[in-house]
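Only one structure is covered here, and it is reproduced in the block below.
The values are calculated or read from the model by the stated rules, or taken from the named source; none is laboratory data. Just so we're clear, the structure is a prediction, and the values are computed from it rather than from any experiment. Note that each Cβ is placed from the backbone with ideal geometry, even for glycine, and that neighbours are counted across all protein chains shown. Heavy atoms of the whole protein, side chains included, go into the accessibility calculation; ligands, DNA and RNA do not. Shrake-Rupley method; radii C 1.70, N 1.55, O 1.52, S 1.80 Å.
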There are 2 protein chains.
Amino acid sequence: MKNLKKILKQYFNVAVSVDNVVFGFDADGLKVLLIFRGSEPFTGSWALPGDLISPEMDLEYSAEKILKQLTGLDQVYMEQIQTFGSVDRHPFGRVFTIAYFALIKVENYHPQAASWAKDVAWFKVTEIPKLPFDHREILEYARRLLKNRIRTQPLVFELLPKYFTLTALQFIHESILEEEFDVRNFRKKILSSGIIEETGKLQKNVTHRPAMLYRYNASKAKQLGFEGGILQ
Amino acid sequence: MKNLKKILKQYFNVAVSVDNVVFGFDADGLKVLLIFRGSEPFTGSWALPGDLISPEMDLEYSAEKILKQLTGLDQVYMEQIQTFGSVDRHPFGRVFTIAYFALIKVENYHPQAASWAKDVAWFKVTEIPKLPFDHREILEYARRLLKNRIRTQPLVFELLPKYFTLTALQFIHESILEEEFDVRNFRKKILSSGIIEETGKLQKNVTHRPAMLYRYNASKAKQLGFEGGILQ
DNA sequence: AAATATATTGTAAAAAGTACAATAATTACC
DNA sequence: GGTAATTATTGTACTTTTTACAATATATTT
């Protein structure tokens, strides 16, 4: 048994971290949340909000907690995406990082830097600064995944406010998929799917004809077998 | 700096492992490869082929190497699927495990137990014995993933021999998707997709009308934009 | 009242999906 | 050599979905 312990010792000396790719959406398009690092290594860089996992905490719980600690964000939609494990991705030792993506409604959540995060800000996905570690690779992976998922899962509703216009719904699809759709065909498809419903309410404070506001009907979507998404 | 080292120490005492879900396919249907453990913990159990990662090895490389070491399988199609990190999933300490799935052509590869694997065998996915750790959960996750992927990626060709009949191609889809298709419609769809081609060869040593053999045309599939799969 | 801005709606043609059963080619057996 | 057994192969009519395409409606601003 002493022998076993000695053998094990060589394996139990790595660390594991979580890195979150938090997507948000506004009139400008798709955004990613970055923090300004106030801690070693890479102090003074913008980076994905992430941290080392304490060995006594479950993985899922750690992911949520780390995001909350650095940005104040709580109870957001999160999903594990991929683990990155190059030998020298971290200067302090062997650190595997488990990437998550999170989708939030920017209207409802107001990120605030905390703990060793000195600042937190939204960046357009097309205007990301230089990132430390392999965070650029992680971010690109997350973007690809979001793009693939959006066609087959109703994820967009995690990014839109509760009430939204069909124009906004179309714009978010077009932004993420980097592809344009015909207005009439898009509306026909969405409405015939049955997963969104009219609210009777109209858009306010706009300088043109106000649009009808719709909302996502999650239970109907589920009932209709829509774990699947909208387009295709 | 000494302070930093002390802080880091509490994080650098976990281990990371790889667990492989190796799928194969034969006349009986979908199979999974398990090893008979000859090493602690859970000596004497059938389990997914997996092992701890040496801290000085890259993740991808480790996944391949561990599979090869335990089963002799080399150069197989592998893909990372998910990381599992419950606090007490491993009796020897905190071990995160990174699950991979692998798809192999059973005709071409002949697994052979090696290292501390005392045996290796194929099990029908419907007849899996009790598994240690959270291997059952990992296996079910992998099955769900395979089922989802098979509709949109040409993964079946990793499981079929180089030359295959349309009947076999249909059977593998039906086995994985747990759903039946109309023979005529299935053939129409597959053939019109253009990603498989006739070989002119016929099946041999069968006791009935021999079927035409087809093969996957990877370059044409790619050219046609088929990272996507066949059905839907 | 006119200009500006965005919202909303329909139709015809093409493509894809679905339901459905008879005939063909081989081996095995008598 | 003929018949039975087994699996392989193929077409058509109907329905549904997708696609291409532009005029009208409703609000605010000037």
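Tell me whether the stretch A:155-173 contains one or more residues that are within 16 Å of DNA strand D (Cβ to nearest atom) and either farther than 17 Å from A:Asp28 by Cβ or assigned to a strand (DSSP E or B) (or both). Looking through the stretch A:155-173, at least one residue is within 16 Å of DNA strand D (Cβ to nearest atom) and either farther than 17 Å from A:Asp28 by Cβ or assigned to a strand (DSSP E or B) (or both). Against the condition within 12 Å of DNA strand D (Cβ to nearest atom) and of a type in the set (Asp, Glu), how does B:Asp119 come out, does it pass? Here the answer is no, as B:Asp119 does not meet what is asked.
Matching residues to (1) open to solvent by 20 Å² or more (accessible area, probe 1.4 Å); (2) of a type in the set (Gly, Ala, Ser):
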{"position": "B:Tyr109", "(1), (2)": "yes, no"}
{"position": "B:Ala117", "(1), (2)": "no, yes"}
{"position": "B:Ile128", "(1), (2)": "yes, no"}
{"position": "B:Asn148", "(1), (2)": "yes, no"}
{"position": "B:Ala168", "(1), (2)": "yes, yes"}
{"position": "B:Phe171", "(1), (2)": "yes, no"}
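Residues in the stretch A:193-228 that are within 11 Å of DNA strand D (Cβ to nearest atom), under 28 Å from the mean Cα position of the chain (by Cα) and not in a loop (DSSP other than H, G, I, E, B) were compared, and the one that is surrounded by the fewest Cβ atoms within 10 Å (Cβ to Cβ) is A:Met212. Applying the criterion of being touching a residue at least 40 places away in the same chain (Cβ under 8 Å) and within 14 Å of another protein chain (Cβ to nearest Cβ) to the residues of the stretch B:60-76, the residue that is farthest from the chain's Cα centre (by Cα) is B:Ser62. Does at least one position in the stretch A:9-18 carry a residue that is of a type in the set (Lys, Arg), more than 11 Å from chain B (Cβ to nearest Cβ) and either in a loop (DSSP other than H, G, I, E, B) or farther than 14 Å from A:Leu70 by Cα (or both)? Scanning the stretch A:9-18, I find no residue that is of a type in the set (Lys, Arg), more than 11 Å from chain B (Cβ to nearest Cβ) and either in a loop (DSSP other than H, G, I, E, B) or farther than 14 Å from A:Leu70 by Cα (or both), so the answer is no. Selection within the stretch B:35-53: residues that are outside any loop (DSSP other than H, G, I, E, B), touching a Ser or Thr at 6+ places or on another chain (Cβ under 9 Å) and open to solvent by less than 40 Å² (accessible area, probe 1.4 Å). The member of this set that is nearest to the other protein chains (Cβ to nearest Cβ) is B:Leu52. Just name the residue that is farthest from DNA strand C (Cβ to nearest atom) out of those in the stretch A:172-188 that are in contact (Cβ under 8 Å) with a residue 60 or more places away in the chain and of a type outside the set (S, T, N, Q). Only one residue fits best here, namely A:Ile176.
Taking the stretch A:77-105, which residues are open to solvent by less than 30 Å² (accessible area, probe 1.4 Å), assigned to a loop (DSSP other than H, G, I, E, B) and more than 14 Å from every other protein chain (Cβ to nearest Cβ)? A:Ile104 - this is the single residue of the stretch A:77-105 that is open to solvent by less than 30 Å² (accessible area, probe 1.4 Å), assigned to a loop (DSSP other than H, G, I, E, B) and more than 14 Å from every other protein chain (Cβ to nearest Cβ).
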